[in-house]
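The structure appears below as structure tokens.
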Amino acid sequence: MTNVLEYTAEAYAKHISTILLFSIAFIIALIIPALVPLPSYADIGAVFIRTSSIFVNLTAISIAIIVASLLFSLLFLSFAIVSINLIVKHSRTHSRIKREVIDGIEKYIGRVFIVLLFYTAIVAAASLIGYAFGIAGIFAAAAGLIFSPLFFYSPSSIVIDEKGVVRSFVSSAAFFFKRFDYVLLWLFIGIVAITIFDFIFITVSGTLISRYAMLIFDSFFVLPFLAMLQSECYMKRFALLKR
């Protein structure tokens, strides 16, 4: 398992300039919901909506703005995830990213966008149902956890295996349960990294400023590393790869 971290750190350091460029999409994806009049917060690359607090005075215009902002946010998030996965794929196979891959990147982005949209819709629907019973947060968390095996490695499957959306769900679930230790490793690294750096930013700059400073830091460093780690874990499916 340690070699996965080694490969991730090596690829991250080698392609840091390209990763920082693509990480701008992470910033845009996380900032868009913050600019919409909707109570939300970001954590480990996901935008969580406190649906229990938006049912008062919700108009058709505000709904349209929320939906549009969510779609744009998922689009930029899809671009960032696909870009990171392409870096890992061609780094591990020791091949160059060819022109036709760049030209066809919209195919990967479109499929990953659909995956993220499905997952968001499931969590949002669960939250709306839970709101009727006064337990929106519990319902949303439960739905996110139950369906996570289908979506966790799905973007990696789409980019690395070039699979369609439905087949990527199957591959994701299969590898999720086969190597659950990788999932635990990813969660551990994510929780530790965010906890440590969040504590540092709060200590140095205070709670108000630290929120935005942490968002930028996460987008440039933490989220790309976690995306690369996730992709590197998925690459372990291919036993023939020595590196």
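The values are calculated or read from the model by the stated rules, or taken from the named source; none is laboratory data. Because the structure is predicted, anything quoted here is derived from the model rather than measured. Glycine also receives a Cβ, built like all others from the backbone with ideal geometry; neighbour counts cover every protein chain displayed.
So which residues in segment 126-152 are among the small types (G, A, S) and under 29 Å from Y234 (Cα atoms)?
Once the filter is applied, which keeps residues that are among the small types (G, A, S) and under 29 Å from Y234 (Cα atoms), segment 126-152 yields A126, A140, A141, A142, A143, G144, S148.
Determine whether Y182 is more than 20 Å from V112 (Cα to Cα) and either surrounded by fewer than 19 Cβ atoms within 10 Å (Cβ to Cβ) or at pLDDT below 90 (or both).
Here the answer is no, as Y182 does not meet what is asked.
Taking the conditions exactly as written (in a helix (DSSP H, G or I) and out of contact with any helix residue (DSSP H, G or I) (no Cβ under 6 Å at 6 or more places or on another chain)), does A126 satisfy them or not?
Judged against the criteria, A126 is not a match.
From the list A121, A132, A136, which one is over 19 Å from L71 (Cβ atoms) and free of Cβ contacts under 8 Å to residues at least 40 places away in the same chain?
Result of the check over A121, A132, A136: A132.
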